[in-house]
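Heads up, the thing below is written out as structure tokens.
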Amino acid sequence: MVRNPYFKACTTAQDAYRASVPPALKALDLPNVINYLDAAHGGFFGWNAARTEYGMKDIANELTATWKQAGGQALKQFRGLAVNVKSYNAWDMSPGETFVDENSVCADLFNKCRNEQRYIMWLSRALEAINSSIPYHTIMDSTRNRVQGIRYYWHDWCNNLWAGFGPVPGVAVSQAVYAKDKNFDTFVWATPAGFSDGTSDRASPNWKANCSSEIAYKPMPEKGVWSQAYFESLLSNTGWSAALALESAHVQDDFGVESKLVRRCDGK
């Protein structure tokens, strides 16, 4: 709704979001609830100004406006932002993934947010630039980000064939990451893993090309329908004992997985 307002469907979504989300935030401002707003991920808003007309200041403005409309500082249980929901990005793997539609050596010239930690850092700067006072603690969806280097494009979003469960949310994992970033609260499993992102049936009126790509798991039912086979695939790709071990061990920058990495142009 921020990146593609020129599409009719996105305009409709924008109207629905602005009418629905602030009242929901206000209604859920309850003693037993902690609220975070979805702030997408670095693959959406990490691009430099030459690559997209809409960038981080746009999402910073939208998030701030939503929070203010819901009550702003009067909200007692609003904590901050959620990133990487339903996506596959790494937390702090460096130099991070590159994709086939980017320059193979200088990917940072196109998208500086190669992981979600960097995205959060740049997003915080965008919020500061517009003098936003929105609370800025963050959580990150780690449901399907165990294996890195498995996408051809940032927009390979649908039922990734090689995805696996990421770090199990828990105290030890949260403390390990919090030690590196004081604004980070915890990993969460926000994605209902095993439920389809979209159907691979080309005859369906809801079919999207990404859901039949060569890196998408197939066959898959309609969006939101359970697939036992895909759930078992996620489990198999995880290396389950290793993922469980992370609950009581340190968080590795790349979760210990081989990835397709190249030198970044910033020299780091």
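Just so it is clear, none of the values below were taken in a lab; they were calculated from the coordinates. None of these values were measured; they are calculated from a predicted model. Methodologically, a virtual Cβ is constructed for each residue, glycine included, from the backbone with ideal geometry; neighbour enumeration extends over all protein chains shown.
Take the Cα of residue 52, step 7 Å toward its Cβ, do the same at residue 182, and the gap between the two points is 3.0 nm. Our helix-only sum for the chain, with -39,500 (n - 2.57) per DSSP H run of n ≥ 4 divided by its residues, gives a mean residue ellipticity at 222 nm of -9000 deg cm²/dmol.
Each peptide in 136-142, 219-225, 54-60 receives the mean, over its residues, of other Cβ atoms within 10 Å, and ordering these scores from highest gives 136-142, 54-60, 219-225. Highest mean packing comes first when the peptides 40-52, 193-205 are listed by Cβ atoms within 10 Å, giving 40-52, 193-205. So in region 8-248, what percent of DSSP beta bridges are antiparallel if you round to the nearest 5? Here the share of antiparallel DSSP bridges comes out near 20 percent. Normalising by residue count, the chain has a Cα convex hull of 140 Å³ per residue. By the scheme Lys and Arg +1, Asp and Glu -1, what is the net charge of all other residues having a beta-carbon under 13 Å from that of residue 192? Computed value for this residue: +1. Can you grab the distance from the C-alpha centre of region 38-83 to the C-alpha centre of region 172-230, Å, no decimals? With region 38-83 and region 172-230 each reduced to a Cα centre, they are spaced 22 Å. Electrostatic tally near residue 123: other residues with Cβ closer than 13 Å to its Cβ, Lys and Arg +1, Asp and Glu -1, net -2. If you take all other residues with their beta carbon under 12 Å from the beta carbon of residue 201, and give Lys and Arg +1 and Asp and Glu -1, the sum is +3.
FRET efficiency for the residue 225 to residue 18 pair, using the beta carbon distance and R₀ = 35 Å, is estimated at 0.75. The residue list 239, 23, 186 was ranked by how far each Cα lies along the charge dipole of region 8-248 toward its positive end, using unit charges on Cβ atoms, and 23 comes out on top. Relative to the current alpha-carbon distance between residue 129 and residue 106, full extension at 0.36 nm per residue lengthens the span by 5.6 nm.
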